[in-house]
Every structure is written in C-alpha cells, then in structure tokens.
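Colleague: Sharing a structure, written as structure tokens. Questions coming.
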Amino acid sequence: FYFGLGHPNKPHRIRMTHNLLMNYGMDKRMEVFRPVPATQTELTMFHADDYVNFLKTVTPDNIQDYQSHLRRFNINEDCPIFDGLFRFCQTSAGGSIMAAQKLNNGSADITVNWAGGRHHAKKSEASGFCYINDIVLAILELLKQHGRVLYIDIDLHHGDGVEEAFYTTNRVMT
C-alpha cells in the first residue's frame, strides 16, 4: 500500500520487520498468521457506518464525487485516499482482531500485529495516518472475555483515538 510520494508513512516497514524476524530465525519460535480481513460489520463495532461506507467506496479515481466528505472525515495530506485503502484498513484491523481472539480463546499468550497500532483514528474520522482504529477493535474483542484491559501505548505520539473511545469507562485503562 502506497500513501503517496513524500508521505512519511511507509507500509514497507511492515515487510522489513517481518523480514528481520525471518532472517534472525525468530519465526522458528513463533507462529506467524496471515490476518483475515475484518468485515464491514466488525469495523462498525466502533466506527460509524457512514464513515466505513465512505472508506469502502472512495478511491483516487472517484474522490471528486466525495468532496463534501473529505473535511467531515478529516481526509487530508496526512490521511490521503490511495488505491487499496479499504483493503489496507480491513487487513490491519483484521490482524488485531484475530490477535485478540487468539488471546481470548487461549491459543496464544502473546500476540503482535506488525501492521496494527492505528491509534489516532476516531469513530468518524481519520487522523495521523490512521483510518480505522484496530486497537479499539481489538480491545472491544478482549472485553468479551475480560472484565478490564490495560492498554500501554509505546508510540512516540499519544494514542488519542484509543483514549477517546474508552474515556467514559473504567473497563479500559489507556
């Protein structure tokens, strides 16, 4: 997935991380899974229907038809529309949801989604290179089996989308 020339988000870093794990032989000590893309229903467990529908239908070829939606959903140079955007969102979110399911059903003690961590996305808007908040979706999955979840964000930038999503509950500490 290519965010565009000069955009600082480089999804090839995900591939580089995976290749480092393979080259150091770490893959022999873990199970590696391909994510099952999240469904539209799963994405709307947190995100607004109209926002998810927008992400599903907008493309670089038809963006002119969606001019009124761009500001509303915070689509700008940080969060551009690119080919395969919705598939990227589904894959990233699907990996985090799958990871949470593996924790819930006891088939894993530790899970990591190298394509995840999209912690800035809000219920109805993109933010900081993030369109779908896979972390919120994973936490919602964890809450099906666990009374509380502690979310520790080690990114340089504050995970404002995650905090906002769970601001009014004592079941998630952000």
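Colleague: Listed residues 82, 73; which is crowded, with 18+ Cβ neighbours inside 10 Å and either closer than 20 Å to residue 142 by Cα or touching a residue at least 40 places away in the same chain (Cβ under 8 Å) (or both)?
Modeller: Checking each option against the conditions leaves just 73.
Colleague: So residue 16 clears everything in (1) under 21 Å from residue 136 (Cα atoms); (2) at pLDDT below 95 except one condition, right? Which one?
Modeller: Just one mismatch for residue 16, condition (1).
Colleague: Mind listing whichever residues of segment 116-167 are on the phi < 0 side of the Ramachandran plot, open to solvent by 40 Å² or more (accessible area, probe 1.4 Å) and among the aromatic types (Phe, Trp, Tyr)?
Modeller: 167
Colleague: Ok, one more. Sort through 116, 95 and tell me the only one that's assigned to a helix (DSSP H, G or I), under 21 Å from residue 144 (Cα atoms) and not polar (S, T, N, Q).
Modeller: Values: 116 fails: assigned to a helix (DSSP H, G or I).
Among 116, 95, only 95 is assigned to a helix (DSSP H, G or I), under 21 Å from residue 144 (Cα atoms) and not polar (S, T, N, Q).
Colleague: From 104, 113, 170, grab the single residue that is at pLDDT 95 or above and either within 24 Å of residue 29 (Cβ to Cβ) or open to solvent by less than 20 Å² (accessible area, probe 1.4 Å) (or both). Give the steps one after another, and end with the answer.
Modeller: Working: 113 fails: at pLDDT 95 or above; 170 fails: either within 24 Å of residue 29 (Cβ to Cβ) or open to solvent by less than 20 Å² (accessible area, probe 1.4 Å) (or both).
Residue meeting the stated conditions: 104.
Colleague: Restricting the search to segment 152-165, which residues are within 18 Å of residue 128 (Cβ to Cβ) and either of a type in the set (A, V, I, L, M) or at pLDDT 95 or above (or both)? Give the derivation first.
Modeller: To start, the set of residues in segment 152-165 that are within 18 Å of residue 128 (Cβ to Cβ) comprises 153-165.
Passing the criteria: 154, 156, 161, 162, 163, 164, 165.
Colleague: Next question. Quick one: in segment 9-32, of everything that is open to solvent by 100 Å² or more (accessible area, probe 1.4 Å) and either of a type in the set (Ser, Thr, Tyr) or not in a helix (DSSP H, G or I) (or both), which residue is farthest from residue 162 (Cα to Cα)?
Modeller: 24
Colleague: Does residue 147 meet the test of being over 26 Å from residue 13 (Cβ atoms) and part of a loop (DSSP other than H, G, I, E, B)?
Modeller: yes
Colleague: Only one residue in 61, 65 is open to solvent by 70 Å² or more (accessible area, probe 1.4 Å), outside any helix (DSSP H, G or I) and at pLDDT 95 or above. Which one?
Modeller: 61
Colleague: Shifting gears a bit: In the set 70, 137, which member is over 19 Å from residue 157 (Cα atoms), more than 16 Å from the chain's Cα centre (by Cα) and part of a helix (DSSP H, G or I)? Walk me through how you get there before you give the answer.
Modeller: On the way: 137 fails: more than 16 Å from the chain's Cα centre (by Cα).
When all the criteria are applied, what remains is 70.
Colleague: Okay, next question. Output the residues belonging to segment 33-58 that are assigned to a loop (DSSP other than H, G, I, E, B), crowded, with 19+ Cβ neighbours inside 10 Å and over 15 Å from the mean Cα position of the chain (by Cα).
Modeller: Across segment 33-58, the qualifying residue is only 58.
The values are calculated or read from the model by the stated rules, or taken from the named source; none is laboratory data. It should be emphasised that the depicted structure is a prediction, and the values quoted were computed from it without experimental measurement. No Cβ is skipped: glycine too gets one built from the backbone with ideal geometry, and neighbour counts run over all protein chains shown. Keep in mind that these areas ignore ligands, DNA and RNA; they rest on the heavy atoms of the full protein, side chains included. Shrake-Rupley method; radii C 1.70, N 1.55, O 1.52, S 1.80 Å.
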